[in-house]
Amino acid sequence: MHQNLQKIVSRVVIALGLAHGMIASAAAPVAPPPSKPVMTKSSGDFGPPQGPVIHAVLTSPPFVPPPTNRKFPAKVIVELEVVEKEMPISEGVSYTFWTFGGTVPGSFIRVRQGDTVEFHLKNHPDSKMPHNIDLHGVTGPGGGAASSFTAPGHASQFTFKALNEGIYVYHCATAPVGMHVANGMYGLILVEPPEGLSKVDHEYYVMQGDFYTTGKYREKGQQPFDMEKAIDERPTYVLFNGAEGALTGDRAITAKTNETVRLFVGNGGPNLVSSFHVIGAIFDKVRYEGGSNVQKNVQTTLIPAGGAAVVEFHTKVPGSYVLVDHSIFRAFNKGALAILKVTGPENKSVYSGKELDSVYLGDRSQPNMQAVSTAAKNAASGTLTQQDQVQAGQALFAGTCSVCHQANGAGLPGVFPPLAKSDFLAADTHRAIGVVLNGLSGKLTVNGTAYDSVMPPMNQLNDDEVANILTYVNNSWGNAGARVLAEDVKKVRAIKAPAAAAAH
Ligand SMILES: [Cu+2]
């Protein structure tokens with residue numbers, strides 16, 4: 001992790017070319033000499049900065065800069081660049097994010113209470129929009145917003161004293177504010193208490209946000225921002241760290257057993273309040289609302305839009321711990337899901353064992369859905385093979401169908417019919433398209449056994465996904481081997497076949 005951190009740090013700390021920059025407001029005097037500095041923690045004014053000027057180490061999520069390890073207030077220079085860039089928001093879906101430092105959430109900033117922070121905000125020349133920054137850790141009108149309004153290709157500067165310790169959200173406050181925030185313009189600044197935070201084994205940076213695209217959840221291609229959905233507070237995605245899968249598969253955050261993990265959890269909004277929960281863990285300590293009080297033994301903590309919390313827990317049992325917004329449709333149908341992977345020896349006295357990844361993780365237990373993106377790419381370039389479809393379909397089946405029909409396609413006696421060697425399926429492979437899109441209910445007989453149950457419609461899957469899943473099903477477990485193409489699915493979707501009737 002250290003190497004990684006180093007790399008990220010060097011990428012994020014950007015030398016600021018003030019030569020062709022614009023100073024929006026004159027820099028405040030660096031060390032306003034208070035007539036008589038009051039050396040108390042609550043005032044946070046520990047007098048003028050001492051020692052050499054420090055350039056803040058900024059990190060990209062999920063990493064957190066090292067502790068300041070300082071016993072005195074200093075002058076700290078923070079250099080942050082706004083970059084508008086297209087990045088994946090989900091598998092095969094791209095979105096034009098507006099970022100602080102090239103990532104969503106923006107670079108993590110860490111200073112000490114009493115520090116005098118000289119803030120440089122730069123807006124990349126390729127930007128289309130002006131931007132600014134409002135830091136909730138600033139005492140002063142707008143939190144810096146007015147002093148930091150910065151046109152594309154320009155830079156601005158302002159100075160503030162970090163009077164209050166805590167974990168604070170920062171965000172862009174340029175009109176239309178909601179749009180700038182919805183596009184990913186937020187991050188966290190930690191103002192350490194003078195004595196620093198207690199030592200832990202791992203610190204991570206996780207921030208929730210809601211996103212609004214014109215297409216529906218996982219609809220492929222470049223997806224523009226949807227202002228109407230944003231105003232109506234109907235997010236297409238609810239995400240940790242700006243993308244579905246940002247913290248799953250081989251990008252999961254990690255720890256070993258018997259370690260202490262500290263998460264700095266922010267919520268950028270713009271609209272939703274987060275019910276932050278880690279499945280299988282209890283927070284030993286929560287600094288709720290990012291304030292100074294500590295609550296102990298917490299299951300779920302509320303994180304308001306524009307707020308943050310610090311949660312800490314001790315890892316005891318190895319396995320996958322799933323970070324979710326416990327407004328649970330957001331987790332499983334809008335992407336608000338991340339993973340902490342804990343490795344180490346079993347601890348049977350605390351938990352008997354057997355990991356049930358598939359129950360909670362579905363397709364996210366697959367490392368990053370590589371096969372799905374390969375299939376999407378090849379479909380776009382017209383080189384999609386049956387083998388591509390089978391592999392993508394396998395990953396998607398694990399997330400969408402296997403909970404009921406089981407990973408081996410055998411189903412569950414009396415409840416879920418088998419897909420393996422199913423005579424119902426073999427009799428008409430195209431009928432299955434309608435079953436997936438429209439669901440199925442009523443009596444049917446599969447391989448001589450009667451079923452009378454309900455399969456919900458799965459019309460959130462797009463044409464490619466249905467085609468890939470069914471091609472996988474037809475080519476697995478001794479089935480007929482028919483290939484299903486996206487255009488076949490498109491036709492069935494258009495006529496909205498009465499699949500339930502076809503079952504008799
Ligand atoms: Cu902005």
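The values are calculated or read from the model by the stated rules, or taken from the named source; none is laboratory data. Predicted, not measured: the structure shown is a model, and the values here were computed from it. For neighbour counting, all protein chains shown are included, and Cβ atoms are generated from backbone atoms with ideal geometry for every residue, glycine included. With ligands, DNA and RNA removed, areas are computed over all heavy atoms of the protein, side chains included. Shrake-Rupley method; radii C 1.70, N 1.55, O 1.52, S 1.80 Å.
Just a few scattered comments:
- Lys pairs, the range 51-190 - Cα-Cα below 23 angstrom, 8 or more residues apart or on other chains: 6
- Cα gyration tensor, the range 166-280 - rounded (a/c under 1.5), prolate or oblate: oblate
- Using alpha-carbon coordinates, inclination of helix 2-12 to the longest axis of the chain, degrees: 70 degrees
- Share of carbon and sulfur in the accessible heavy-atom surface of the range 133-259 [1.4 Å probe, %]: 55 percent
- Modelled label reach - ILE495, point 7 Å along Cα→Cβ, the range 428-446 residues with backbone N closer than 12 Å: 430-431, 434
- For the pair LYS296 and TRP477, a Förster radius of 45 Å applied to the C-beta separation gives a FRET efficiency near 0.35, rounded to the nearest 0.05.
- Shape of the chain, Cα gyration tensor, a/c cut at 1.5: prolate
- Distance (nanometres) between label positions extended 7 Å along Cα→Cβ at THR445 and HIS55: 7.8 nm
- Debye, to nearest 20: dipole size of the chain, +1 on Lys, Arg Cβ, -1 on Asp, Glu Cβ: 560 debye
- Global geometry of the range 202-361, whether rounded, prolate or oblate, following the gyration tensor of its Cα atoms and the 1.5 cut on a/c: oblate
- Simple spin-label estimate for SER43 and THR254 gives 4.8 nm between the two label positions (7 Å along the Cα-to-Cβ direction from each Cα).
- Per-residue ellipticity at 222 nm computed for the chain from its helices equals -5500 deg cm²/dmol, with DSSP H segments shorter than 4 residues left out and the rest contributing -39,500 (n - 2.57).
- Ordering VAL436, SER381, GLY249 by Cα displacement along the dipole of the chain toward the positive end leaves GLY249 in first place; charges were set at the Cβ atoms of Lys, Arg (+1) and Asp, Glu (-1).
- Amide hydrogen neighbours beyond the local backbone of SER94, cut-off 5 Å, H modeled: ILE89, GLY221, GLN222, GLN223
- Proximal lysines to LYS491, defined as alpha-carbon separation beneath 19 angstrom and excluding residues fewer than eight positions away on the same chain: LYS220
- The phi torsions of the range 191-208, fed into the Karplus equation with coefficients 6.51, -1.76 and 1.60 and a -60° offset, translate into couplings of 9, 5, x, x, 8, x, 8, 5, 6, 9, 7, 9, 10, 10, 10, 10, 9, 8 Hz, rounded to whole numbers, with Gly and Pro shown as x.
- Whichever aspartates and glutamates have a C-alpha closer than 13 Å to that of LYS296, once near sequence neighbours (fewer than 8 apart) are set aside: ASP284, GLU312
- Remark: the PHE72-MET227 segment gains 51.2 nm on full extension, using 0.36 nm per residue and subtracting the alpha carbon distance.
- For the range 234-325, the solvent-accessible area works out to 35 Å² per residue, with a probe of 1.4 Å and every protein chain left in place.
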